[in-house]
1. Would you be able to say whether some residue in segment 166-174 is without any contact (Cβ under 8 Å) to a residue 12 or more places away in the chain, surrounded by fewer than 14 Cβ atoms within 10 Å (Cβ to Cβ) and of a type in the set (S, T, Y)?
2. Within segment 185-197, restricting attention to residues that are open to solvent by less than 60 Å² (accessible area, probe 1.4 Å) and within 19 Å of the chain's Cα centre (by Cα), which residue is farthest from P158 (Cα to Cα)?
3. Looking at segment 96-108, is at least one residue within 27 Å of L179 (Cβ to Cβ) and not hydrophobic (A, V, I, L, M, F, W, C)?
4. Counting only residues that are of a type in the set (S, T, N, Q) and open to solvent by 50 Å² or more (accessible area, probe 1.4 Å), which one in segment 137-165 is nearest to T41 (Cα to Cα)?
5. Can you name every residue in segment 214-240 that is surrounded by 12 or more Cβ atoms within 10 Å (Cβ to Cβ), at pLDDT 70 or above and under 22 Å from A70 (Cβ atoms)?
6. Take segment 127-136 and flag every residue that is more than 22 Å from S170 (Cα to Cα) and open to solvent by less than 30 Å² (accessible area, probe 1.4 Å).
Amino acid sequence: MTRGPAPNVRGGSGHTPGVTDRDRSAPAADGGRDALPHDHTQAILETTKRVASLLKASGRPFALAGSVAAYAHGVPARFQHDTDFCVRREDSDDVVAALEHGGIAMRQAPEDWLLKGSAAGEEIDLIFELARRPVDLDLLERAETRPVDSVWMPVLAPTDLMDSRLAALSEHYCDFGDLLPMARLLRERIDWGYLRRRHGRAPMPDAFLFLLERLDVITPDGRTTEGRATGGRAADEEDR
């Protein structure tokens, strides 16, 4: 896959490695604007709301991804160490400028498919590729506008969210513990037939889909156990 040039990011300003929980709750030098709650879950939600507000003000399309997106769809909070947003690579300079203007410290990441930021010790990922595909307007237009702790924002559609999680499974990372609650709670809103066509030949995603069959979450023909077919994605979209 051909990748574009790296966005222009002012290097590493404001990032302090090894931030402790006490550091996260300490008042910021600017009078407390960046101070976050002691509770890590609420701190991630506050960071998510702040970043989303800045992205909306930038006028560039985006969508919330990752575990916070699952939470926005009703999955119980089980957050990882950061909050994730999908943006198009061609919008990266404008997005970075908007975030930095709003006080978010941005920096280059070792990976060439994302940028990283930080605010009061909480990490932020701007993702240019999802499920091994570039983030494009089609993906972002499928996003659903949902509230995240009182702030409305575009959130990856359930099928795209599960697609990204299945694509991340490998011999080095194969944790079904986070995927299973999402699959059960969102099963009626996920196009399982599309996901099987896309991931059925990969051992780890196929193993997870088989587990869902054995648990009576889905059936082999792409239906849920209530007998309703899931759908909404064109069959040929898997080859785009």
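The values are calculated or read from the model by the stated rules, or taken from the named source; none is laboratory data. From a predicted model like this one, the values you see are computed outputs, not experimental measurements. Neighbour counts are summed over all protein chains in view; Cβ atoms, including those assigned to glycine, are modelled from backbone coordinates with ideal geometry. Heavy atoms of the whole protein, side chains included, go into the accessibility calculation; ligands, DNA and RNA do not. Shrake-Rupley method; radii C 1.70, N 1.55, O 1.52, S 1.80 Å.
1. Yes; the residues of segment 166-174 include at least one that is without any contact (Cβ under 8 Å) to a residue 12 or more places away in the chain, surrounded by fewer than 14 Cβ atoms within 10 Å (Cβ to Cβ) and of a type in the set (S, T, Y).
2. Per the criteria, the residue is L195.
3. First pass over segment 96-108, keeping only residues within 27 Å of L179 (Cβ to Cβ): none.
Checked segment 96-108: no residue is within 27 Å of L179 (Cβ to Cβ) and not hydrophobic (A, V, I, L, M, F, W, C).
4. The selected residue is S150.
5. Result: L215, V217, I218.
6. Taking segment 127-136 and keeping what is more than 22 Å from S170 (Cα to Cα), we get 136.
The answer is none; no residue qualifies.
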